[in-house]
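So the structure is just underneath, and the comments pick up after that.
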Amino acid sequence: MAKASTVPPTASLRILIVDDHAILREGLKQILSAEFPSAVFGEAGTASEAIELLHGNPWNLLVLDITMPGRSGLDVIADARRDQPALPVLVLSAHAEEDYAVRALKTGAAGYMTKNYPPEELLGAVQRLLAGKKYVTPSVGEALAARLEGPDAALPHEALSNRELQLLKLIAGGRTLKEVAQELSLSESTVGTYHARLLSKMGLRSDVELTRYALREGLVE
């Protein structure tokens with residue numbers, strides 16, 4: 001006798017796709033529609049749009065990018081956890097797993113995968129999340145296990161807040177504080193406060209040292 005599926009019927013399946021690239025959102029809809037032909041999709045290109053759609057609208061799955069204009073996908077995960085605690089979140093990111101996977105899972109995501117995986121892997125991850133399971137690759141599983149070794153094993157950047165880590169990567173990538181403020185839709189004074197806190201937490205004295213650290217740890221190319 002076949003085991004009953006725990007995946008919601010496709011007629012009632014509601015999937016919210018959040019990514020700042022319209023072409024990628026359309027591609028995801030096509031891939032997911034082939035597996036779930038009756039699913040209903042919602043779309044958002046920014047974290048603010050996503051949070052607005054999350055409030056008062058029930059969803060069965062959230063597929064989410066990390067880096068978007070303004071607030072990051074990590075902010076969306078935190079908000080989704082408050083608004084719909086049972087909502088499974090699959091992060092689909094261009095960032096390597098070692099950059100954000102553990103952080104995203106600790107924030108409340110149920111799965112993390114990079115955009116270079118084939119559609120079959122994406123569908124497998126979605127099926128697992130809809131069945132109430134989690135999706136992690138072997139490398140992410142190893143990183144999670146390493147976290148159990150205790151705080152002494154953690155790297156300095158792992159203690160940063162989500163916004164501070166975002167700032168670190170942007171500065172190390174060559175952005176000025178003014179450019180960071182424009183990209184994140186923040187005031188220059190707010191970015192300056194984050195910047196000072198970032199250097200203090202990292203025990204670094206300048207952006208040159210910050211960039212060297214980011215390159216050494218593979219946080220930027």
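In order along the stretch 91-106, phi translates into HN-Hα couplings of 7, 10, 10, 7, 6, 4, 4, 5, 6, 9, 4, 5, 4, 5, 5, 5 Hz, rounded to whole numbers, per the Karplus curve 6.51 cos²θ - 1.76 cosθ + 1.60 with θ = phi - 60° and x for Gly and Pro. Peptide packing: for 81-89, 129-137, the average count of neighbouring Cβ atoms within 10 Å per residue gives the ranking 129-137, 81-89, highest mean first. Its alpha carbons give the stretch 150-221 an Rg and a Dmax of 11.8, 37 Å. Structural descriptor for the chain: relative contact order 15 percent, calculated from alpha carbon pairs under 8 angstrom and at least 6 residues apart. The residue list GLN182, LEU215, GLY203 was ranked by how far each Cα lies along the charge dipole of the stretch 178-221 toward its positive end, using unit charges on Cβ atoms, and GLY203 comes out on top.
To test your reading of the geometry: what angle, between 0 and 90 degrees and rounded to tens, separates the Cα axis of helix 188-202 from the longest principal axis of the chain? The answer is roughly 80 degrees. Neighbours of LYS134, meaning other residues whose beta-carbon lies under 13 angstrom from its beta-carbon, give a summed charge of +3 when Lys and Arg score +1 and Asp and Glu score -1. By definition, a body whose alpha carbon gyration tensor gives a ≥ b ≥ c is rounded when a/c is under 1.5, and the stretch 8-138 falls into this rounded group.
Within the stretch 185-217, what residues put their amide N at less than 11 Å from the label point 7 Å along the Cα-to-Cβ vector of ALA159? Under 11 Å, as judged by backbone N against the label point of ALA159, lie 200-204 of the stretch 185-217. Dimensions of the stretch 34-75 based on its C-alpha atoms, expressed as ranges along the principal axes with the largest first, amount to 33, 23, 14 Å.
Probing with 1.4 Å while keeping every protein chain in the model, the per residue accessible area of the chain equals 51 Å².
I need the per residue convex hull volume for the stretch 59-103, using only the alpha carbons, in cubic angstrom as a whole number.
76 Å³
Efficiency by 1/(1 + (r/R0)^6): what FRET value for ARG14 and GLU121, r their Cβ-Cβ distance, R0 = 25 Å, to the nearest 0.05?
Calculated value: 0.65.
Across the chain, counting alpha-carbon atoms alone, Rg and Dmax equal 18.3, 65 Å.
The values are calculated or read from the model by the stated rules, or taken from the named source; none is laboratory data. Keep in mind it's a predicted model, so treat the numbers as computed, not measured. When we count neighbours, we look across all protein chains shown, and the Cβ atoms used for this are built from the backbone with ideal geometry, even at glycine. Side chains included, ligands, DNA and RNA excluded: accessible areas come from the protein's heavy atoms. Shrake-Rupley method; radii C 1.70, N 1.55, O 1.52, S 1.80 Å.
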